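K.L.:
Have a look at this one.
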Amino acid sequence: MTLHKVLKYLAIVIGVIGLIFLARIVIEGDDAIEGSADLQASMINPLIYLTYAVIVAVLVLVLIFVLKDLFTGNVKNTLLSIGAFAVILFIAYLIPGETTPVEMNNGEMLSSGGVTIVNMGLRTFYILAGIAVGAMIFSGVKKLSK
């Protein structure tokens, strides 16, 4: 049996289990669940654990296939891509910006280092989004010129 068939049947089984858990919650009703902490735990926790199991399975499969493709594919291109991403992260870190601590919604303070990291993440997103938009525009112009 191929991997695709196994994963398809596994997805069907997980979906049926999730539907059973959901049906239990719907049959019990909102009011009963809100009134009893024990009932709430017995109804919601299995669904949460199923979600955790699916997330772990997906992460493990992604990691396996990424590593498999990394070692069977062109390692030079992969390392160049990782290096380019690291350069973008470094550039985003070096761009000056606000570094004063910020009070968060829950009353805690985000340190200046935390503010710098958040700003770096935002700048990285903006740079990568700009590169993606630029690549789409370049591709469209190149197709129009042919």
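Readers should treat all values here as calculations from the given coordinates under stated rules, not as data from a laboratory. Just so it is clear, the model here is predicted, and its values are computed rather than measured. As a convention, Cβ positions derive from the backbone with ideal geometry for all residues, glycine included, and neighbour counts pool all protein chains shown.
K.L.:
Could you count how many residues in segment 94-146 are among the acidic types (Asp, Glu) and touching a helix residue (DSSP H, G or I) at 6+ places or on another chain (Cβ under 9 Å)?
P.N.:
1
K.L.:
Now for a separate question. Among the residues of segment 8-40, what is the count of those that are touching a helix residue (DSSP H, G or I) at 6+ places or on another chain (Cβ under 8 Å) and either over 22 Å from Val54 (Cβ atoms) or in contact (Cβ under 8 Å) with a residue 24 or more places away in the chain (or both)?
P.N.:
Residues meeting the conditions: 10.
K.L.:
Report those helices (runs of 4 or more DSSP H) wholly inside segment 1-92 carrying at least 3 residues which are among the aromatic types (Phe, Trp, Tyr).
P.N.:
Output list reads 37-72.
K.L.:
Looking only at segment 64-78, how many residues end up being in contact with a helix residue (DSSP H, G or I) (Cβ under 8 Å, 6 or more places away or on another chain) and not hydrophobic (A, V, I, L, M, F, W, C)?
P.N.:
The qualifying residues number 1.
K.L.:
Hey, among Ala86, Ala135, Ala92, which residue is small (Gly, Ala, Ser) and within 20 Å of the chain's Cα centre (by Cα)?
P.N.:
Ala86
K.L.:
Counting only residues that are of a type in the set (A, V, I, L, M) and outside any helix (DSSP H, G or I), how many does segment 93-146 have?
P.N.:
So the count comes out to 5.
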